[in-house]
Amino acid sequence: MVKDAPIGVFDSGVGGLSVLDEIHRLLPHESLLYVADCGHIPYGEKTPAFIRERSRVVAEFFREQGAKAFVIACNTATVAAVADLRSDYPDWPLVGMEPAVKPAAAATRSGVVGVLATTGTLQSAKFAALLDRFATDVRVITQPCPGLVELIEAGDLNSPALRQMLQGYVAPLVEAGCDTIILGCTHYPFLKPLLATLLPPTIILIDTGAAVARQLQRLLDERQLLAEGPPRIAQFWTSGDPQHLRNILPTLWRFTGVVRSFDR
């Protein structure tokens with residue numbers, strides 16, 4: 001691996017752009033490759049075996065592109081595939097996602113933490129292990145959010161339909177006394193402005209994008225692989241309609257970028 005090799009970032013759709021943004025903020029000199037597997041979204045309703053296979057397909061693509069590291073910017077894909085990928089590529093820096101149970105448990109004042117996530121994440125053994133390890137002294141209220149990912153994928157961040165759906169998901173958490181809410185899907189940080197209008201200002205929202213960027217920085221620094229030179233422009237691929245991603249990319253990403261078809 002060389003310093004100026006790219007970093008591959010992968011999600012089931014556009015949610016991982018929230019993680020890509022954190023990586024770019026922290027590591028602006030890195031060349032970033034992003035694959036959105038929009039043709040197979042939502043992952044939250046797919047089988048673990050299907051997600052593992054898609055994750056391997058994307059991993060092989062990034063290897064072909066010479067990527068020096070791989071970020072699974074998707075909680076559901078991390079749950080299903082990260083262990084196998086680390087076994088398959090033991091010498092490849094690989095960073096996954098996990099719901100921010102530990103920092104949420106430390107931040108809560110009421111002792112009640114809410115989790116907004118996909119069904120796949122909430123039903124996973126990995127999530128159960130996080131609760132057993134870090135949330136023994138707090139009450140955790142989980143809320144699956146079917147439909148949210150699909151609306152965000154369509155570029156909808158503030159419609160009446162989205163607002164009504166989101167209100168229905170957060171209301172039980174507020175009623176239960178949650179003062180800290182985990183955004184357990186990489187799509188959900190794009191809803192922070194809307195959530196701010198639906199939640200009391202005392203409620204803390206926590207996601208893990210910045211922590212993933214810091215972990216990636218640590219892994220690259222350990223291997224002396226941090227890039228130097230001018231800031232780079234990200235490149236994008238999607239297994240869905242490239243024109244759709246081109247249309248909504250300006251809403252979700254602060255910069256320009258070439259979008260290509262990912263036909264695997």
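The values are calculated or read from the model by the stated rules, or taken from the named source; none is laboratory data. Source: prediction; values computed, not measured. Quick reminder, even Gly has a Cβ in these numbers, built from the backbone with ideal geometry, and neighbours come from all protein chains shown.
Annotations
- Output for segment 25-64, where each listed residue is among the polar types (S, T, N, Q) and touching a Pro at 6+ places or on another chain (Cβ under 6 Å): SER31
- Here the condition is being surrounded by fewer than 22 Cβ atoms within 10 Å (Cβ to Cβ), assigned by TED's automatic domain parsing to the domain that holds PRO231 and in a helix (DSSP H, G or I); of ALA77, ALA83, it holds for ALA83 alone.
- Given (1) of a type in the set (A, V, I, L, M, F, W, C); (2) at pLDDT 95 or above; (3) closer than 26 Å to ILE182 by Cβ, number of the condition LEU33 does not satisfy: (3)
- Just so you know, in segment 113-132 the residues that are of a type outside the set (A, V, I, L, M, F, W, C) and surrounded by fewer than 16 Cβ atoms within 10 Å (Cβ to Cβ) include one that is farthest from THR76 (Cα to Cα), and it is ASP132.
- Boolean, PRO146 is touching a residue at least 60 places away in the same chain (Cβ under 8 Å) and closer than 16 Å to SER12 by Cβ: yes
- Scanning segment 182-215 for residues that are in a loop (DSSP other than H, G, I, E, B), closer than 18 Å to ALA105 by Cα and among the β-branched types (Val, Ile, Thr) yields a count of 3.
- Filter result (in a helix (DSSP H, G or I), within 22 Å of the chain's Cα centre (by Cα) and not β-branched (Val, Ile, Thr)) within segment 152-166: GLU153, LEU162, ARG163, MET165, LEU166
- Set side by side, the residues ALA176, ALA135 differ, and just one is out of contact with any Leu (no Cβ under 9 Å at 6 or more places or on another chain), crowded, with 17+ Cβ neighbours inside 10 Å and of a type in the set (Gly, Ala, Ser), which is ALA135.
- Listed conditions (1) surrounded by fewer than 19 Cβ atoms within 10 Å (Cβ to Cβ); (2) modelled with pLDDT under 95 are all met by ASP207, apart from (1).
- Evaluation of VAL212 against (1) in contact with a Cys (Cβ under 9 Å, 6 or more places away or on another chain); (2) under 16 Å from PRO99 (Cα atoms) (one fails), failing number: (1)
- Tally of residues being within 14 Å of VAL149 (Cβ to Cβ) and more than 15 Å from the chain's Cα centre (by Cα) across segment 40-53: 3
- Screening PHE70, PHE50 for residues that are modelled with pLDDT of 95 or more and touching a helix residue (DSSP H, G or I) at 6+ places or on another chain (Cβ under 6 Å) leaves exactly one candidate, PHE70.
- Residue list for segment 95-118, filter: in contact with an Asp or Glu (Cβ under 7 Å, 6 or more places away or on another chain) and within 21 Å of PHE10 (Cα to Cα): ALA100
- Any chance VAL57 is surrounded by 23 or more Cβ atoms within 10 Å (Cβ to Cβ) and at pLDDT 95 or above: no
- Unique residue being under 25 Å from ASP37 (Cβ atoms), surrounded by fewer than 15 Cβ atoms within 10 Å (Cβ to Cβ) and of a type outside the set (S, T, N, Q) when the list is ILE182, ILE233: ILE233
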